[in-house]
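What follows is a short report on a single structure.
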Amino acid sequence: MKLEFKGTRGYIEARTDRHRMHASCRVSSGRGAIIIDVGEDWVEQAPDLEADAILLTHAHPDHAWGLKGGAPCAVYATDETWEALHRFPIEDRKVIVPGAPRRVAGFTIEAFTVEHSTRAPAVGYRVSAGGRAFFYAPDLVYIHERARALGGAVAYVGDGATVARPMVRKRGESLIGHAPVQTQLTWCRKEGVPLAVFTHCGSQIVAGEEEAVVERIMGMANERGVDVIVAYDGMVLDL
Ligand SMILES: [Zn+2]
Ligand SMILES: [Zn+2]
């Protein structure tokens, strides 16, 4: 599988050459291509996106609003995400149900619910092809079925919104916000995932001294025996 990180910026004002566009990832294999998330930054390019299918993690502007003028292919999302996007003129709407894997463009795709937002319930996707799997969740506090989502995966692609300071609030029984990179690296260690990649970068990475922040993240990963990459726009990764 080839992952192309088309965008790696979170829902922040700051942008740099390395993190210019909202987090979006194109995944291709010999059999097809999918794009996960098309945020608002992509709205002008959306008609020309080349993929067999688009998968949306949730309905927040930085993940889905690039499709407010429509989509050039089939779009997969949960019922809750479709409800939030009911005004978008997307013709080919496919409903994805967490816990029910399905074949999309030659990949096996399974959605896992993650805590992140009560208004825009989010999922992460486990994507498999050719006997290899990775998990992609750009916005999350918590994965409900973490062991099943990450077990046996060759890589975890996660939320770079915050490095060590939790950005988590409680609303009723739900947690909303972002788990720190540090916590996500611990999940990788616990589930035996050898590589963590961070996208959806927050202001510490984008507006700060990126080299120093990346060094700090590498130290955290090292302590946990996990390899780590902070993704940038245009980065290509072969898994
Ligand atoms: Zn986001
Ligand atoms: Zn979000």
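The values are calculated or read from the model by the stated rules, or taken from the named source; none is laboratory data. None of these values were measured; they are calculated from a predicted model. FYI the Cβ positions are ideal-geometry reconstructions off the backbone, even for glycines, and counts take in every protein chain you see. For accessibility, only protein heavy atoms count, side chains too; no ligands or nucleic acids. Shrake-Rupley method; radii C 1.70, N 1.55, O 1.52, S 1.80 Å.
Overview of results
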item	result
Lone qualifier among A100, A164 - being touching a helix residue (DSSP H, G or I) at 6+ places or on another chain (Cβ under 6 Å) and surrounded by fewer than 16 Cβ atoms within 10 Å (Cβ to Cβ)	A164
Residue within the stretch 1-20 that is among the small types (G, A, S) and in contact with a helix residue (DSSP H, G or I) (Cβ under 6 Å, 6 or more places away or on another chain) present	yes
Contacts under 6 angstrom Cβ, first residue in the stretch 217-239 being more than 26 Å from R20 (Cα to Cα), partner outside any helix (DSSP H, G or I) and open to solvent by less than 30 Å² (accessible area, probe 1.4 Å), 6 or more apart	V226/A196
Strands (runs of 3 or more DSSP E) lying entirely in the stretch 192-239 (those with 1 or more residues that are under 20 Å from the mean Cα position of the chain (by Cα), surrounded by 13 or more Cβ atoms within 10 Å (Cβ to Cβ) and of a type in the set (G, A, S))	195-199
Of the criteria (1) at pLDDT 95 or above; (2) within 16 Å of ligand 2 (Cβ to nearest atom); (3) more than 14 Å from the chain's Cα centre (by Cα), which one D159 fails	(3)
Hits in the stretch 126-143 - residues which are in a loop (DSSP other than H, G, I, E, B) and either within 16 Å of ligand 1 (Cβ to nearest atom) or without any contact (Cβ under 8 Å) to a residue 24 or more places away in the chain (or both)	G131, A137, P138, D139, L140, V141
Single residue of the stretch 20-54 satisfying the filter (small (G, A, S) and more than 12 Å from ligand 1 (Cβ to nearest atom)) that is modelled with the lowest pLDDT	G30
For G66: the one exception among (1) surrounded by fewer than 17 Cβ atoms within 10 Å (Cβ to Cβ); (2) touching a Gly at 6+ places or on another chain (Cβ under 8 Å); (3) not aliphatic (A, V, I, L, M)	(1)
Among the residues listed as T113, T81, T57, the single one being within 14 Å of ligand 1 (Cβ to nearest atom), buried (at least 17 other Cβ atoms within 10 Å of the Cβ) and either farther than 19 Å from R9 by Cα or more than 18 Å from the chain's Cα centre (by Cα) (or both)	T81
